[in-house]
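Note sheet for the following structure.
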Amino acid sequence: MSVAANPFPFIYRFHGVVVASHYDLPDLPAVSAEDPEAQRPRITIFPGSQDLLRALPVSEYDIVVHEHDVLEFLIPEGAVIRLTPGGTVEVAMTSTVPGDLVRHVIIGQVLPNALVDLGMVCLHASAVQMGTVAMALLGEGGIGKSSLAAAFLASGFPVLCDDCTPLVQQGHASYVLPGPGRLKLWPDTVEALGLQRRVRRPIYAGHVKLVVDAGTPVATPVPFGGLMILREGPEFQSEQVTDGNTVIPLLYQNIFGHRRLSRAAKEAHFAATTKLALTTPMTVTTIPRDLSRLREMVRYFTL
């Protein structure tokens with residue numbers, strides 16, 4: 001992971017938010033230094049004090065919450081990333097930690113949490129564009145959100161987000177902010193959907209999962225059409241959720257920000273969860289965990 005001497009030599013956009021960084025994050029779309037927004041980054045990433053490494057060693061990846069809702073992301077291979085509310089990210093790492101692993105944590109965990117600190121509601125979900133609206137795919141870890149999004153991609157539907165789906169309010173409507181055009185997929189999913197030509201690289205050295213180019217052409221906010229909550233079962237079955245309170249626990253755990261400790265942050269997170277549950281069209285959909293039926297799943301959702 002390269003560090004340049006000049007302040008913020010890299011400027012990117014993450015779900016519409018300008019990020020100025022001392023570190024290269026090539027999976028994010030670059031912003032020209034001449035762009036007026038480049039002078040007003042909302043998130044900044046720079047080298048932090050090596051004192052942060054005192055939190056190591058740890059046996060596994062962890063997120064620790066400190067006073068004032070300061071988050072520290074602990075990477076056992078040898079790095080600590082601190083996020084301070086307001087969009088300040090500090091990175092401390094040893095000389096041996098893989099740079100691509102640090103990038104993976106920054107993009108997948110740190111930046112989504114930074115969006116929360118900027119006041120956004122960020123679903124831990126994938127999102128695809130169906131017609132004129134964005135539909136978010138939500139469910140427990142490992143249910144196949146990214147795989148189903150990849151099936152939509154293989155069938156010609158734009159993938160707007162993977163893992164992090166930020167929502168913003170414009171007037172009385174909610175919109176999804178499209179993110180980096182990438183999906184994180186297992187190799188057998190890539191093969192089953194014929195996406196080999198889109199493959200970029202492993203998520204990081206030694207990891208089996210792949211970062212796949214989604215080639216999303218969408219750059220502007222897309223009206224939010226609702227949530228498809230995925231559950232595993234032998235056959236396809238959908239049921240409209242008429243009582244949002246029944247999914248509040250699932251939503252609470254799958255909206256970035258639930259780790260905050262301060263009373264204000266917890267109240268804001270619960271309020272956002274409740275509002276989403278009570279105002280968003282939601283469908284609970286049972287899907288089979290069968291790669292050979294991924295395209296069939298797309299047909300089921302779009303007929």
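A compact table of results
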read-out: Binned Cα-Cα distances of region 45-195, short to long, each 5 Å bin given as a whole percent; value: 2, 9, 16, 18, 16, 15, 12, 8, 3, 1, 0
read-out: For region 236-243, 3J(HN,Hα) per residue [Karplus equation, 6.51 cos²θ - 1.76 cosθ + 1.60, θ = phi - 60°, Hz, x = Gly/Pro]; value: 6, 7, 10, 9, 5, 8, 9, 10
read-out: Structure-derived Cα Rg over 2.2 N^0.38 Å - corresponding label in (1) 0.99; (2) 1.23; (3) 0.94; value: (1)
read-out: Local electrostatic count, Leu195, Cβ distance below 15 Å [Lys/Arg +1, Asp/Glu -1]; value: +4
read-out: Of Ser146, Ser95, Ser126, the one that fluctuates the most in a GNM where the chain has Cα springs shorter than 10 Å; value: Ser95
read-out: Distance between region 187-230 and region 74-113 - C-alpha centres, whole angstrom; value: 22
read-out: Under-5 Å amide H pairs with Ile203, H placed in peptide plane, nonlocal only; value: Lys209, Leu210, Val211
read-out: 5 angstrom amide H check on Asn254, placed H, neighbours 5+ away; value: none
read-out: Mean residue ellipticity (222 nm) of the chain, computed from DSSP H runs ≥ 4 via -39,500 (n - 2.57), nearest 500; value: -6000 deg cm²/dmol
read-out: Among Leu52, Leu111, Leu148, residue whose mean-square fluctuation peaks in a GNM of the chain (springs only between Cα atoms under 10 Å); value: Leu52
read-out: Percent of alpha-carbon pairs separated by more than 20 Å within region 122-302; value: 53
read-out: Formal net charge of residues neighbouring His68 (Cβ-Cβ distance under 15 Å; K, R +1; D, E -1); value: 0
read-out: Residue-wise HN-Hα coupling along region 94-103, computed from phi with Karplus coefficients 6.51, -1.76, 1.60 (Hz; x: Gly, Pro); value: 7, 6, 9, 5, x, x, 5, 5, 5, 4
read-out: Charge sum, other residues only, whose C-beta stays under 13 Å from Glu232's C-beta, Lys/Arg counted +1 and Asp/Glu -1; value: +1
read-out: Scattering curve values for region 10-118, log₁₀ I(q)/I(0), Debye with Cα scatterers, q = 0.11, 0.12, 0.19 Å⁻¹; value: -0.32, -0.38, -0.93
read-out: Karplus 3J(HN,Hα) series, Hz, for region 39-47 with 6.51 cos²θ - 1.76 cosθ + 1.60 (x for Gly, Pro); value: 7, 10, x, 8, 10, 10, 10, 8, x
read-out: The chain: relative contact order in percent, alpha carbon pairs under 8 Å with at least 6 residues between; value: 15
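Computed from the coordinates by the stated procedures, all read-outs in this text should not be read as laboratory data. Since we're looking at a predicted model, the values are computed, not measured. Because the Cβ atoms are built from the backbone with ideal geometry, glycine has one as well, and the counts that use them run over all protein chains shown.
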